[in-house]
Structures are given as C-alpha cells and as structure tokens.
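Notes for the one structure printed next.
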Amino acid sequence: MPTSRPLSLIHVVDSLEFGGLERVVTDLAIEQHRQGHRVCVFSINRAEGLADELTKAGVAVLSGNKSKPFDLGVLSTLRRSAVEQNADIVHAHNFSPNYYAACALFGMVKRPTLVGTCHDMGTRLSNRRLRWIYRASLTRTARLAMVGQQVFDRYIALNMVPAARATTVLNGIPVDRFQNSAPRRHAARTTLALDEKDLVIGCVGRLVGLKNHGLLVGILPRLMARFPALRVVIVGYGELEASLKAQAQALGVADRLLITGQRSDVSDLLPAFDIFALPSKTEGLSIALLEACATSLPVVASAVGGNPEIIHHQQTGLLVPVDDAQALEEALSLLLDSSELRTRLGSAANDWVRQNASITALQQAYEGFYTTAMEA
C-alpha cells in the first residue's frame, strides 16, 4: 500500500550528467516533490547537468564533490545530509551510490531505510572489486527494485540479489512532454538544420562502445544507395565522437551524419526523426527508447536487455539480433520504404508507453516499494 504521510527522501546518484538513469531520477524526484514529499538528490560527484532543472522544480541538490577513488569526505557529507534532512528513505541508484550510502548510514542512531534500484544489466559488475563492494552493501539494503524483468532475472541468476528482497519496476517518463505534431516536427528540423524532405534516422545516447552507433554508421552507404534523402542524427556526446566521424568520412557519408553533442532539449528534438534506432549491445529499460515511443516514433532496436519488454516485434516496433548489420539494414529499409508502417508502429508504441510507463505510474510503484521496505 502507498504511504499515508509525506516522506523525506534522498536519492543518491553518481552524477547528474545527461543520461538515462539521471533523467529518470530527475523526473521521479520532481514528481515525488509534486506529490508532497520532501525530496533531495545527492550527487556523489560534482552536481552539474540536470541539477538546474531539479533546483528550478523545487528539489534540493546536494553534492559530494568526490575527488578520489573512495572519498571519505563524500561519506561524511552524505551522512550529515541524512541527519539534516531527517531522512526516512535513502534511495541509491546502481552500484557506487549503494555502497556509499550503506557506509554513510552505518551506525546511525536513527538510521533511514536504505533501498536501491538496479537500472541496467550490470556490465560494470565484471569488475571484481566493484562486485564485492556492491554485494557487501546489499546486506544493509532493505529492498531492491530491478528495472524490468530481464534485469531482475539476470541479478537473481547471478546470485547478486536475494529474490525475497527484490521487486520489478518499469521506468517511467513524463509522457506529455513528448508530443509529436507538425509544428513540433518543423521546429525540430529547423533547430537541427534538416530539410523537410529528409528521411531521418535518429539515435539518442552516449557515444560509447556499448551503444554500438558504429554499426549504424557502417550500413549508411548501402541505405543511402536506396534512400538518397537519408540523414542520421545522433543526439549525444562521448569518447567515440571522433572515431564515428572518422568512420563516416572514410565511408564517404560524413555529410549525411550529424552528431549534436550534449543536449538538454531531447524532447524538442525527437519530433525531427522519422525512425528511432537503438542498436545497443546491452540495455536496461532504456529511457531513450521510452521517450522515442512517447513521441510516436517507429523503432528498430536490438533484442537485448529490457528492449523486448518495450518493443513487441511488429507490434510496437521492430527487434533485430544484436550486432547484426544485415538485420539492422533490412529492418530500417522496411520502415524507410513505408510511411504507413511507420505510422502504425509509432502509434502503437505511444499507446503502450502511456498505459505502462508514465512517471505517475513509476511514482506510485515506488510509494508501495518504500512502504514495504520500511515495514521490513
């Protein structure tokens, strides 16, 4: 059952830079504040990126300003914040935040209830030290929320998380922010300097190897041979930007690839796309994918992680095997060739998100999660 009183909540994150985890925590904290809870977000590292959005919405932002691998100053700041906020719940998001929170709260006379969320498939836990520390912190964590059934099943199978203290939640987004319309499409294309006649495949995500953007760039010459008006837009930044641009240059398609860099206006840019592509090698329950669906975009996504929980093949989008260039090319060609199919899949994706993955639904799910944890 949901809590019957306002709570004092502290969300603990690694950072507030622009990313899927950070986006969902920001939206959740704002919705919880709107529902009457006292909410703050504690960033272990310097608080930038989404910090201004939280502050403007009335959610306090605290910073640990981490300066070394295991920073005792962060523990002290987080512990003091829990006391000053008279916290009922400290909610840690992923691995480092969980063990920092567990250490910071150790030995407190009035200790808040520590809960955690696992947002992804845990690729980083291949690091033995991180895995050991995270596992140790779970002994002091009352309840764990796993984002999607695939994430739940993986952590249980690895014996990382005790099934009796875990539950499954979906991510949630403020769906009304992601409306698509002719005026919004025109404005987005003007912002990105795209022609109205362009056929645009769009991606949103950090430019890192696991997002697999290079697979999409690699098939661009063959797609362009069939669809000369094609453009690819990647909204994001990261370590692989230079190599992706070099790849496009070597393939002779540099003028058809646009990498926007870091943007805070993703909801305003998504209507510029005709198709959304997510060729990742691994995913949790992708916020970028939910946002694309809410914008009524037809999706081609790799069948990994939580993607099949959102994209039901040929119903709310198309799924392809991971790292399969031919399958990706065929699926994109199918959508590029049919505006009717794009409209049908995009509309069905929008319906699914509104029914299953709104920020209101997520906030209500966490209300019950907190109650169960405090009663444990």
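The values are calculated or read from the model by the stated rules, or taken from the named source; none is laboratory data. Predicted model only: the values in this text are computed from it and were never measured. Positions of Cβ are backbone-derived with ideal geometry, glycine not excepted, and every protein chain shown enters the neighbour counts. Accessible surface areas use protein heavy atoms only, side chains included; no ligands, DNA or RNA. Shrake-Rupley method; radii C 1.70, N 1.55, O 1.52, S 1.80 Å.
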Worksheet item: Between their Cα atoms, which of Lys56/Lys197; Lys56/Lys245; Lys66/Lys110 are more than 30 Å away from each other?
Response: Lys56/Lys197; Lys56/Lys245
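Please give the per residue accessible area of segment 198-312, computed with a probe of 1.4 Å over protein heavy atoms only, in Å². Mind showing how you got there, number by number?
Numbers: 3520 Å² over 115 residues.
Accessible area per residue: 31 Å².
Listed highest first by mean packing, meaning other Cβ atoms within 10 Å per residue, what order do 264-276, 284-296 come in?
Values: 264-276: 20.5, 284-296: 26.8.
Those peptides, ordered most packed to least, come out 284-296, 264-276.
If you roll a 1.4 Å probe over the heavy atoms of the protein chains, what accessible area per residue do you get for segment 10-126, in Å²?
Per-residue accessible area for segment 10-126 comes out at 39 Å².
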Worksheet item: In degrees from 0 to 90, rounded to the nearest 10, what is the angle of the helix 182-191 Cα long axis to the longest principal axis of the chain?
Response: 90 degrees
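One-quarter of the Cα convex hull surface for segment 273-376, in nm²?
On the way: hull surface 27.8 nm².
Quarter of the Cα hull surface area: 7.0 nm².
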Response to the item:
Counting only protein heavy atoms with a 1.4 Å probe and every protein chain in place, the carbon and sulfur fraction of the accessible surface of segment 1-142 in whole percent equals 52 percent
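In deg cm²/dmol, rounded to 500, what helix-only [θ] at 222 nm does the chain give when every DSSP H run of at least 4 residues adds -39500 (n - 2.57) and the total is split over its residues?
-13000 deg cm²/dmol
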Practice prompt. Please turn the phi angles of segment 157-174 into ³J(HN,Hα) values with the Karplus equation 6.51 cos²θ - 1.76 cosθ + 1.60 (θ = phi - 60°), one per residue in order, whole Hz, x for glycine and proline.
Written response: 4, 7, 6, 7, 10, x, 4, 5, 10, 10, 9, 9, 10, 9, 6, x, 9, x
Item to complete: Mind checking the per residue accessible area of segment 313-376 for me, 1.4 Å probe, whole number of Å²?
Response: 48 Å²
Worksheet item: Given charges of +1 on the Cβ of Lys and Arg and -1 on the Cβ of Asp and Glu, with all other atoms neutral, how large is the dipole of segment 216-313 about its Cα centre, in debye to the nearest 20?
Response: 420 debye
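Could you tell me what fraction of 2.2 N^0.38 Å the Cα radius of gyration of segment 90-144 comes to, as a two-decimal ratio?
Here the answer is 1.09, to two decimals.
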Worksheet item: In Å and whole numbers, how far do the C-alpha atoms of segment 323-366 stretch along each principal axis, longest first?
Response: 41, 27, 8
Discussion item. Using only the alpha-carbon atoms, how far is helix 339-356 inclined from the longest principal axis of the chain? Give it as 0 to 90 degrees, nearest 10.
Written reply: 10 degrees
Response to the item:
Taking alpha-carbon centroids only, segment 21-39 lies from segment 46-99 a number of Å equal to 14 Å
Worksheet item: For segment 347-370, list residues with backbone N below 16 Å from a point placed 7 Å from the Cα of Gln149 toward its Cβ?
Response: 356-357
Practice prompt. Consider all pairwise Cα distances in the chain and report the whole-number % of them above 37 Å.
Written response: 21 percent
Fill in: Computed Rg/Rh of segment 24-96, alpha carbon atoms with Kirkwood Rh
0.95
Worksheet entry | Share of carbon and sulfur in the accessible heavy-atom surface of segment 281-376 [1.4 Å probe, %] | 45 percent
Discussion item. Taking 10 °C and 1.306 mPa s as the conditions, I'd like the Stokes-Einstein D for segment 128-264 in µm²/s, using the Kirkwood hydrodynamic radius from alpha carbon pairs.
Written reply: 86 µm²/s
Worksheet, complete the sentence: Here the averaged projected area of segment 1-149, based on the convex hull of its alpha-carbon atoms and given in nm², is 9.0 nm²
Worksheet item: For segment 209-358, what log10 I(q)/I(0) values come out of the Debye formula at q = 0.15 1/Å, with one point per alpha carbon and no solvent?
Response: -0.74
